[in-house]
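Novice: My questions will all concern the structure given below.
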Amino acid sequence: MYPNLLLALTYAFAAAVQPGPFQAFIVSQALGKGWRGAWPAALAPLISDVPVIVIVLLALSRVSETMISGLRLGGGVLLLFLAWGSYRSWRDDREEATADAKPEGTTLLKAVFVNLLGPGPWLGWSLIMGPLLLDSWRRSRVEGVLLVLVFYVTMVASLIGIILLFSGARSLGPRVRRMSIGFSALALAGFGVAQVWIGVRALGG
């Protein structure tokens, strides 16, 4: 159980700090509105990921064990790709462009659509979290529930941390964010190699 929970925790943190459209939106809201106006955006994955999880799990539950192993291998490759992107961001010390947003409607609603229409949740649940959840669920329903809880508690807490950093400490935020990206690059690379190894062994066996 513990390796799966650790992977879920690490991937959730890495996904939260990984540069992308949703993170750019989160940062822009924090800079423009402060933490009081931006914090609801951190809850967006709890809503936007529901249809993603349902669709992905329905599809994965109908495929063979060989296909699941292939998806784990693909998930490992995706983790390595994300690790490379994080490393480049850390190396170049780049900051995502964040325009001063003046969203129509609520911050939460916009954040839900930004996240739902982005590739992150679909790729993450198809290649990493979906196979991981099925593997945990088949061993124990308690483990499956814990996996989802660990993933989303870590995700929301990390997003709230980003909002607090960029709304309350603009001078400190970029440095801390760069350290977080560097940590996520190392973690993603390690788990990417592990996922690839598990997938190769399962397909070869």
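The values are calculated or read from the model by the stated rules, or taken from the named source; none is laboratory data. Small disclaimer: the values here were computed from a predicted structure and weren't measured. Cβ placement follows ideal geometry from the backbone for every residue including glycine, while neighbour counts extend to all protein chains displayed.
Novice: Test residue 104 against the stated conditions and say whether it is among the acidic types (Asp, Glu), modelled with pLDDT of 85 or more and either farther than 30 Å from residue 62 by Cα or part of a helix (DSSP H, G or I) (or both). Let's see the steps before the verdict.
Specialist: Details: among the acidic types (Asp, Glu): yes; modelled with pLDDT of 85 or more: no; either farther than 30 Å from residue 62 by Cα or part of a helix (DSSP H, G or I) (or both): yes.
It is false that residue 104 is among the acidic types (Asp, Glu), modelled with pLDDT of 85 or more and either farther than 30 Å from residue 62 by Cα or part of a helix (DSSP H, G or I) (or both).
Novice: Out of (1) crowded, with 23+ Cβ neighbours inside 10 Å; (2) modelled with pLDDT under 90; (3) under 26 Å from residue 144 (Cα atoms), the odd one out for residue 44 is which?
Specialist: Of the numbered conditions (1) crowded, with 23+ Cβ neighbours inside 10 Å; (2) modelled with pLDDT under 90; (3) under 26 Å from residue 144 (Cα atoms), the odd one out for residue 44 is (2).
Novice: Here's a check for you: in segment 149-205, which residue that is modelled with pLDDT under 65 and among the aliphatic types (A, V, I, L, M) is nearest to residue 87 (Cα to Cα)?
Specialist: Of segment 149-205, the ones modelled with pLDDT under 65 are 169-174, 176-177, 180-181, 184, 188, 205.
Filter once more, so that each one left must be among the aliphatic types (A, V, I, L, M): 169, 172, 176, 181, 188.
Details: 169: 24, 172: 20, 176: 15, 181: 7, 188: 10 Å.
Ranking the qualifying residues of segment 149-205, first place goes to 181.
Novice: Going residue by residue through segment 75-93, is there one that turns out to be more than 23 Å from residue 127 (Cβ to Cβ), part of a loop (DSSP other than H, G, I, E, B) and either modelled with pLDDT under 85 or of a type outside the set (Lys, Arg) (or both)?
Specialist: Taking every residue of segment 75-93 in turn, at least one turns out to be more than 23 Å from residue 127 (Cβ to Cβ), part of a loop (DSSP other than H, G, I, E, B) and either modelled with pLDDT under 85 or of a type outside the set (Lys, Arg) (or both).
Novice: For segment 35-48, state whether one or more residues are within 15 Å of residue 128 (Cα to Cα), touching a residue at least 24 places away in the same chain (Cβ under 8 Å) and in a helix (DSSP H, G or I). Even if it seems obvious, please write down each step before you answer.
Specialist: Taking segment 35-48 as the starting set, the residues that turn out to be within 15 Å of residue 128 (Cα to Cα) are none.
So far as segment 35-48 goes, no, none of its residues is within 15 Å of residue 128 (Cα to Cα), touching a residue at least 24 places away in the same chain (Cβ under 8 Å) and in a helix (DSSP H, G or I).
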